[in-house]
1. In angstroms, what radius of gyration and Dmax does the protein assembly as shown have, counting Cα atoms only?
2. Calculate how steeply helix G:263-287 sits against the longest principal axis of the alpha-carbon atoms of chain G, using the helix alpha-carbon long axis, and give the answer as 0 to 90 degrees to the nearest 10.
3. If you average 1/r across every pair of different Cα atoms in region C:2-66 and take the reciprocal, what Kirkwood value do you get, in Å?
4. Over the whole of G:83-96, what's the average partner chain Cβ count within 10 Å per residue? Rounded to a whole number, please.
5. Taking chain G as a Gaussian network, where each spring joins two C-alpha atoms under 10 Å apart, which residue of G:ILE48, G:ILE23, G:ILE150 fluctuates the most?
6. How far, in nm to one decimal, is C:GLU51 from itself in the other copies if the label point is set 7 angstrom along Cα toward Cβ? Shortest first, please.
7. Could you list G:LEU228, B:LEU26 so that the one with the fewest beta carbons within 10 Å of its beta carbon is first and the one with the most is last?
8. Mind putting a number on the dipole of the protein assembly as shown about its Cα centre? Charges go on the C-beta only, +1 for Lys and Arg and -1 for Asp and Glu, and I need it in Debye to the nearest 20.
Amino acid sequence: MEYIYAALLLHNAGKAITEDAITAVLQAAGIEVNDARVKALVAALEGVDIEEAIAKAAFAAPAAAAAPA
Amino acid sequence: MEYIYAALLLHNAGKAITEDAITAVLQAAGIEVNDARVKALVAALEGVDIEEAIAKAAFAAPAAAAAPA
Amino acid sequence: MEYIYAALLLHNAGKAITEDAITAVLQAAGIEVNDARVKALVAALEGVDIEEAIAKAAFAAPAAAAAPA
Amino acid sequence: MEYIYAALLLHNAGKAITEDAITAVLQAAGIEVNDARVKALVAALEGVDIEEAIAKAAFAAPAAAAAPA
Amino acid sequence: MEYIYAALLLHNAGKAITEDAITAVLQAAGIEVNDARVKALVAALEGVDIEEAIAKAAFAAPAAAAAPA
Amino acid sequence: MEYIYAALLLHNAGKAITEDAITAVLQAAGIEVNDARVKALVAALEGVDIEEAIAKAAFAAPAAAAAPA
Amino acid sequence: MAEEKHHTEHVPEWKKNEIENIIELIQSHKVFGMVGIEGILAAKIQKIRRDLKDVAVLKVSRNTLTERALNQLGESIPEMNKYLDKQTALVFTNESPFKLYKVLEQTKTPSPIKGGAIAPEDIIVQKGPTSFPPGPILGELQSAGIPASIDAGKVAVKETKVVCKAGEAVPQKLATMLAKLEIYPLIVGLDLRAAYDNGTIYEPELLAIDESQYFSDITRAAQNAFNLAVNTAYPTSATIGTLLAKAFAESKNLGVNAVVFDSGVMDTLLAKAHVQMTSVASKAADKDANAVDDQLRE
């Protein structure tokens with residue numbers, strides 16, 4: 001999950017989500033980085049609307065709470 | 001939210017959430033770090049059971065999925 | 001939450017949310033003030049549309065968890 | 001709402017909610033205090049379980065959140 | 001709430017909401033009037049667009065809490 | 001609505017809703033009273049459960065809150 | 001009129017007493033009304049009279065005597081004469097005309113319709129069993145136009161049917177059968193035509209109160225008062241709980257939305273970040289399962 005957090009951190013800070021950037025963030029946290037995973041993640045996130053994914057997550061929960069069930 | 005992401009990144013990697021560690025992660029992402037916020041974050045997390053806080057989110061997520069909206 | 005209450009107190013009274021103002025309010029309530037928290041609060045609120053932030057329901061994980069019970 | 005925030009601030013800090021305390025907090029915020037409003041607030045709070053009242057907010061917030069959808 | 005009803009009565013009838021007017025209405029109803037409450041009410045309503053305040057749904061905590069039941 | 005407010009004022013204060021009482025309250029507000037309306041109101045309220053009508057308002061609140069604000 | 005006047009001069013004692021009696025009843029009550037009693041049996045009138053006794057006095061009199069009594073009174077009382085019609089009674093009360101109307105409406109009950117009477121609305125016989133065993137009644141029902149047959153050992157109505165249209169006279173045979181089937185097409189009771197109260201004449205359209213409207217008005221008024229009190233932060237025992245909850249919720253919203261690091265909102269911030277992470281992870285995993293670690297694969 002720390003890989004995703006790294007991506008979110010970069011996204012939030014307005015930085016590009018590149019292999020190098022993710023690797024740098026993870027390494028700064030003292031994490032041994034798995035290159036293949038970084039590659040796969042960066043590729044997978046290409047074309048993903050992160051804002052939408054985040055917004056959806058934030059909104060879904062309260063809506064659920066409001067549901068009467 | 002980048003400070004929170006940094007904290008969770010560290011937590012997930014099994015690292016201690018210290019002011020230095022958070023600062024390092026944020027800086028690695030190219031973020032200009034506000035020392036007061038880092039201090040406040042670490043202070044606010046003292047005594048917080050992160051796993052428990054996350055577990056509550058886990059409850060919320062499936063409920064959200066079930067919501068009709 | 002007292003720091004946030006202090007900020008909203010000032011906001012509601014149409015006063016600027018400054019470090020000095022928050023410190024004064026907290027001290028008047030007999031609270032020992034933590035400078036870093038005040039700084040962090042003011043930093044976090046910088047550029048935030050408070051009216052909007054107040055009105056927008058926060059992510060409601062705990063409430064959601066309570067709902068199905 | 002500033003009078004209400006003053007009361008919550010005192011409550012959170014573990015202080016007694018008295019007319020004097022509320023007045024002091026509001027004055028520290030640079031607010032011209034209306035004695036009658038302070039009296040009315042303290043009177044209304046008599047016998048009220050603030051923790052319980054706040055706990056209801058957790059339920060209420062998500063309902064409000066459903067609104068913008 | 002009788003003080004609020006008195007204010008709304010006056011407002012609806014196109015009369016000014018003054019301390020004297022509220023006192024007169026409450027006394028006519030056989031209510032022993034508390035001056036501080038009257039003053040507090042008039043102060044709270046000063047500068048308020050009553051039509052707007054009436055129409056805007058108040059925060060709905062207690063009812064919302066009842067909803068999931 | 002001022003006739004209704006007068007009735008609620010009396011009800012809230014624990015007073016009987018009589019023609020005389022309503023007339024007195026309205027007159028104290030400087031309102032020219034229409035006898036027929038007062039009579040109709042008193043007769044109608046004999047068959048209305050005021051507490052229930054008020055309770056419904058509390059229920060209505062969240063619905064209102066959920067409405068497109 | 002001329003003839004009546006002529007008679008007035010030779011009014012028998014009992015008529016004079018009756019007129020005096022009416023005048024006295026009007027003067028000793030706040031309100032009096034004219035009610036139609038058409039089609040009400042004497043026995044039913046007696047029962048209504050008893051039922052009303054705590055609220056109103058009912059007096060059946062001759063129209064000519066009522067008219068004379070009213071004409072002897074002041075204000076606009078003689079105007080009430082225009083509500084005199086066949087089968088009119090007077091009613092006297094100290095309640096308001098609205099209350100009087102309500103009480104009189106409650107005297108109205110469904111009643112059988114007589115042969116030859118005009119149906120006030122479509123008379124409908126519903127499909128279904130009756131309480132009658134097979135016998136001559138089957139033929140009687142059929143000849144009255146009611147589609148009856150035998151079903152499961154009982155007389156039954158085969159289909160729902162309009163047996164007499166609104167505005168048409170009810171045939172005698174049908175009226176008898178409707179009564180046997182306990183179908184009561186008429187609403188019979190004291191019908192208030194007008195009430196006189198302190199110089200004002202109230203007609204039924206004004207007196208008919210929609211209680212549900214008052215109920216919803218009260219709900220709206222209470223809602224208005226609550227909204228006003230909360231939105232202006234006016235603390236009362238009825239609003240203080242909501243005001244506290246509102247302030248707390250707003251503070252929490254601000255804390256979370258502005259990402260203030262406060263112990264009061266940390267739980268929520270962490271949960272929010274976690275859910276966001278999960279959401280993004282699932283998008284990534286959709287494309288390539290290797291993009292996320294095992295924990296996030298489902």
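1. So, for the protein assembly as shown, Rg and Dmax equal 37.4, 126 Å respectively.
2. Taking the Cα atoms of chain G, the angle to G:263-287 is about 80 degrees.
3. After inverting the mean inverse Cα-Cα distance, the result is 12.9 Å.
4. Neighbouring Cβ atoms belonging to other protein chains average 1 per residue here.
5. Result for chain G, Cα springs under 10 Å: G:ILE150 fluctuates most.
6. Result for C:GLU51, in nm, nearest copy first: 1.9, 2.3, 3.7, 4.1, 4.6.
7. Exposure proxy ranking, most exposed first: B:LEU26, G:LEU228.
8. Numbers: 57 positive and 92 negative charges, 640 e Å.
So the magnitude is around 3080 debye.
Only the coordinates and a few stated rules stand behind these numbers; no lab work does. Quantities reported herein were computed from a predicted structural model and do not represent experimental measurements. When we count neighbours, we look across all protein chains shown, and the Cβ atoms used for this are built from the backbone with ideal geometry, even at glycine.
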